[in-house]
1. Give me the percent relative contact order of region 339-460, please, defined on Cα pairs under 8 angstrom at least 6 residues apart.
2. If amide H atoms are built 1.01 Å from N in the plane of the peptide, which residues on other chains or at least 5 residues away come under 5 Å of the amide H of Cys444?
3. Using the Cα atoms of region 3-233 to build a convex hull, what is its mean projected area in square nanometres?
4. Given the C-alpha centroids of region 293-358 and region 366-417, what is the distance between them in whole angstrom?
5. Report ³J(HN,Hα) in whole Hz for each residue of region 76-84, in order, from the Karplus equation J = 6.51 cos²θ - 1.76 cosθ + 1.60 where θ = phi - 60°; Gly and Pro get x.
6. May I ask you to evaluate 6.51 cos²θ - 1.76 cosθ + 1.60, the Karplus curve with θ = phi - 60°, for each residue of region 151-156 and list the ³J(HN,Hα) values in order in whole Hz, giving x for glycine and proline?
7. Using Cα centres only, tell me the gap between region 12-58 and region 137-208 in whole Å.
8. For Lys45, give me every one of the aspartates and glutamates with a C-alpha distance below 20 angstrom, ignoring sequence neighbours fewer than eight places off in its own chain.
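The values are calculated or read from the model by the stated rules, or taken from the named source; none is laboratory data. Here the structure is a predicted model, which means the values were calculated and not measured. Virtual Cβ from ideal backbone geometry, glycine too; neighbours counted across all protein chains shown. Only protein heavy atoms, including side chains, enter the accessible area calculation; ligands, DNA and RNA are left aside. Shrake-Rupley method; radii C 1.70, N 1.55, O 1.52, S 1.80 Å.
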Amino acid sequence: MTYLAVSIGSETVETAAEQIKAAKKAGAEMLELRTDYLADLDVEKIRALLAAARKTALPLLVTCRDRVQGGAAELSPELRTRILVEAIGEGADFIDCEFDNFVLADTHEKIRAALAERPQTGLILSTHDFSGPLTNTAKVFNDIARAEPEAIPKVVYKADHINDCFAAMDLLLHGDRDAIVLCMGPAGLITRVLAKKLGAFATFAALDAAHATAPGQLTVAELKGAFRWDNIGEATEVFGVIGSPVGHSLSPAIFNACFDAQHIDALYLPLLVEGEKPEFDTFLSNIITRGGGGGTGGGLGFGGFSVTIPHKTHALDFINHAGEFVEPLAETIGAVNTLKIGFGGIVSGYNTDYAGAIDALTAAMQIGPHDLHSMKVAVVGAGGAARAVVAGLADVGARVTIYNRTINKARDLAGEFKCRYAALEKLGAMDARVLINCTSIGMCPKVDATPVPTEGLKPDMVVFDTVYNPRQTKLLKEAAVAGGMCISGIEMFIRQAMAQYKICIGQEADEEVIRKTISDRLQITEPRLQASR
Ligand code: NAP
């Protein structure tokens, strides 16, 4: 079992007792009593704290962290040892002592003697480095494991990049003993969640964001809710969105909600891969060499990814270099937004943006893709989204004109797909049946902007805004006033996500679940973003 341990850190026993009750209610599977947070710490307080915590019947882990390893207060070594010895005597299920302190003769003798009196108490020997990745994670771990074979080694360090997490996860992947290995900081999220799949002894969570006791610690609600803690097992297949940034992505919520609804043993993570091609290549190679290809294949068990900015071209290059399959239109577009990892780590690449856009357009117009043949379409923008949309439109023979602020980019894109181009200022005089905005103009928080002057909007026009937050952009509102048909970027987003789901999971996503998830999320996001303008 991997315990979901909730850290309790409070200045008084009374407020700690409140946190303990709340942690139990929130689903804690173990309580870590961070006694170093208590003001004027003494053994009486430890007794009172343990008495309050014992009422929960949860396993209790007592820690009195040294300041140099992240402790909340400057406490003498003698007091810290006395607290741990007292905790053993009071029936704590586990105590956590820093390995560096444990090896000191006085600490060692006293804790050993107390454990001999009460052998039911387990010993965790830990090391924490807040400065960055360790130069030799395996050695640090093995030194603890060899010195005290009965103890549970705990190695925690700050990851500066997600690629720093593989050394930590390897210790769990290849280990055959109870162990705790975690990375701190936002880059360490993957280690905190996958701890359960990899059979760690415990992961640590905060009661809420205000009570985190280490950088990057997730809350118990996030682990139990967004990250499906109760459903994670050894065979859970893992997916995720690779990008930078990824915090805003709706994909984790969508995929995990579908897994819940469809009872699929899978988990979807936000994977912040900072940097450019070298960092992306390192990340994907790390994943593949550690058993990509699904939950039953062992190892990390990644089955696929969504890929977003800035890695869509890096994903394409990676597959081309590996000589694996790339969907032809993804090759034409020059971007891969979906990766499927097959057995043996074979990677294939797809682009669901163009299909999402064309589907959204044709479904709203109640036509087939080939009815777009010869239709006049104005595409605003010449970036990544425009590229996918133009490729999809060119594929079915639409007559496309690209309008862009940077005219050279419009010219290059038009040259590639054999269509027309013009300056953004010409939009007022455009002649088009369909208008598609592929710029970020009008997106939250700058919701009062629109790329198209009102004189360009006509009653018989179909206006499709790929921006999906807010769902009703200024452009769409003005198009509706002009009498045109309006299509929200949400429709494209849903369809490209459903196509990704089909590729990665191998079955249809639940569209209603996706719509509800997006709707719930955007209701939360929109007012908050607008309020912070
Ligand atoms: P991108 O590659 O960075 O391209 C941005 C485009 O917007 C460029 O054409 C840029 O013009 C133009 N632009 C940005 N700010 C502008 C301004 N102030 N005035 C005039 N033009 C401006 O980004 P992308 O990946 O194509 O994404 C663009 C938008 O597409 C996103 O914001 C997103 O809302 C939407 N999108 C939606 C979906 C969906 O599923 N609904 C999927 C992908 C993207 P320059 O070339 O002159 O810089």
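1. Details: 182 pairs, mean separation 27.5, N = 122.
Relative contact order, region 339-460: 23 percent.
2. Amide H to amide H, under 5 Å and 5 or more residues apart or across chains, Cys444 pairs with Asn469.
3. On the way: hull surface 45.3 nm².
About 11.3 nm², averaged over all directions.
4. Computed from Cα coordinates, the inter-centre distance equals 24 Å.
5. For region 76-84, the Karplus-derived couplings read 5, x, 5, 5, 4, 5, 4, 5, 5 Hz, x marking Gly and Pro.
6. Working through the residues one at a time gives 7, 9, x, 10, 10, 10 Hz.
7. 25
8. Reachable aspartates and glutamates: Glu11, Glu14, Glu18, Glu32, Asp36, Asp66, Glu74, Glu78, Glu86, Glu90, Asp93, Asp96.
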